[in-house]
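Report on one structure; see the data block that follows.
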Amino acid sequence: ETGVTQTPRHLVMGMTNKKSLKCEQHLGHNAMYWYKQSAKKPLELMFVYSLEERVENNSVPSRFSPECPNSSHLFLHLHTLQPEDSALYLCASSQDYSSGSQETQYFGPGTRLLVL
Amino acid sequence: GENVEQHPSTLSVQEGDSAVIKCTYSDSASNYFPWYKQELGKGPQLIIDIRSNVGEKKDQRIAVTLNKTAKHFSLHITETQPEDSAVYFCAARASGTYKYIFGTGTRLKVLA
């Protein structure tokens, strides 16, 4: 266990559905991340939060909406997704972004999303 | 934009042999290089990392080497075991940024 949990582990949704992915970290970290992992492609950084403030948004479509209510929880709200959004969505956390051991990222197990 | 190239995409070795995975990065400001192992149904797990002020780091059967001039770093696994079978990712990050650039992964199969 890495100290980062994600729910649900699997999700099937239609294109008109609204669903949310949840991530929780028990490591006392200040930064949290959402990544998209598709087959044969590098991990794609979607969003970064530091101390509950969004610090990076990598040109992600508005049908993905992140929320960070506190430093331990991160959500990804999904609305009117497309089949090409099917992928593994990974959450990660790190102590901070400065150099040193704080920068190590710890990943959750991911949510396998299928959009029909 | 910045990218990290990783080779090979698949690698099969006999148990007990060594495995080498290579990555090349483009951003000369990169100074932190982690390696992750991802097993089926799990997220990536950090196995070893190296910073730009050192050229080599070792942890039991795993070692990483860095050539800053060539912008090249490699993962070496010796005495491979079946449980080493997984997908391995390299990544590069510049100091003061959140952005990790990942390679496309190498699927390692260790044949018993």
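Among the residues in the stretch B:74-84, are any among the β-branched types (Val, Ile, Thr) and at pLDDT below 95? Steps first, please.
Step one: of the stretch B:74-84, the residues among the β-branched types (Val, Ile, Thr) are B:77-78, B:80.
So of that shortlist, the ones also at pLDDT below 95 come out as none.
No: the stretch B:74-84 contains no residue that is among the β-branched types (Val, Ile, Thr) and at pLDDT below 95.
Check off (1) more than 14 Å from the chain's Cα centre (by Cα); (2) more than 18 Å from A:Tyr106 (Cβ to Cβ); (3) without any contact (Cβ under 8 Å) to a residue 40 or more places away in the chain for B:Gly16 and give me the number that stays unchecked.
(3)
Within the stretch B:85-96, is even one residue β-branched (Val, Ile, Thr), in contact with an Asp or Glu (Cβ under 6 Å, 6 or more places away or on another chain) and assigned to a strand (DSSP E or B)?
no
Considering only the stretch A:2-29, how many residues are surrounded by fewer than 17 Cβ atoms within 10 Å (Cβ to Cβ) and either within 13 Å of chain B (Cβ to nearest Cβ) or touching a Phe, Trp or Tyr at 6+ places or on another chain (Cβ under 8 Å) (or both)?
7
Can you go through A:Gln105, A:Gln95, A:Gln37, A:Gln6 and tell me which one is in contact (Cβ under 8 Å) with a residue 24 or more places away in the chain, in contact with a helix residue (DSSP H, G or I) (Cβ under 7 Å, 6 or more places away or on another chain) and either over 19 Å from B:Gly41 (Cα atoms) or not aliphatic (A, V, I, L, M) (or both)?
Being in contact (Cβ under 8 Å) with a residue 24 or more places away in the chain, in contact with a helix residue (DSSP H, G or I) (Cβ under 7 Å, 6 or more places away or on another chain) and either over 19 Å from B:Gly41 (Cα atoms) or not aliphatic (A, V, I, L, M) (or both) holds for just one of A:Gln105, A:Gln95, A:Gln37, A:Gln6, which is A:Gln95.
Need at least 3 residues that are within 30 Å of B:Thr10 (Cα to Cα) per element, so show me which strands (runs of 3 or more DSSP E) inside the stretch A:14-88 make the cut, counting only ones lying wholly within it. It would help to see each step written out before you state the result.
Values: elements: A:18-25, A:31-37, A:44-50, A:53-57, A:64-70, A:73-79.
The qualifying strands (runs of 3 or more DSSP E) are A:31-37, A:44-50.
Identify the residue in the stretch B:31-41 that is under 22 Å from B:Asp59 (Cα atoms) and at the interface with another protein chain (Cβ under 8 Å from one of its Cβ atoms) and, among all such residues, is surrounded by the most Cβ atoms within 10 Å (Cβ to Cβ).
B:Tyr36
B:Val4: within 11 Å of chain A (Cβ to nearest Cβ) and β-branched (Val, Ile, Thr), yes or no?
yes
Given the conditions (1) part of a strand (DSSP E or B); (2) farther than 22 Å from A:Trp34 by Cβ; (3) without any contact (Cβ under 8 Å) to a residue 24 or more places away in the chain, and given that B:Thr69 satisfies all but one, which numbered condition is not satisfied?
All conditions are met except number (1).
Do the conditions hold for A:Leu11, that is, is it within 11 Å of the chain's Cα centre (by Cα) and part of a strand (DSSP E or B)?
On the way: within 11 Å of the chain's Cα centre (by Cα): no; part of a strand (DSSP E or B): yes.
No.
Could you say whether any residue in the stretch B:10-30 is facing chain A (nearest Cβ under 10 Å), closer than 25 Å to A:Leu90 by Cβ and either exposed (fewer than 14 other Cβ atoms within 10 Å of the Cβ) or not small (Gly, Ala, Ser) (or both)?
Within the stretch B:10-30, none of the residues are facing chain A (nearest Cβ under 10 Å), closer than 25 Å to A:Leu90 by Cβ and either exposed (fewer than 14 other Cβ atoms within 10 Å of the Cβ) or not small (Gly, Ala, Ser) (or both).
The values are calculated or read from the model by the stated rules, or taken from the named source; none is laboratory data. Keep in mind that this is a model prediction, so the values were computed, not measured. Cβ coordinates were reconstructed from backbone atoms using ideal geometry, including for glycine residues, and neighbour counts include every protein chain displayed.
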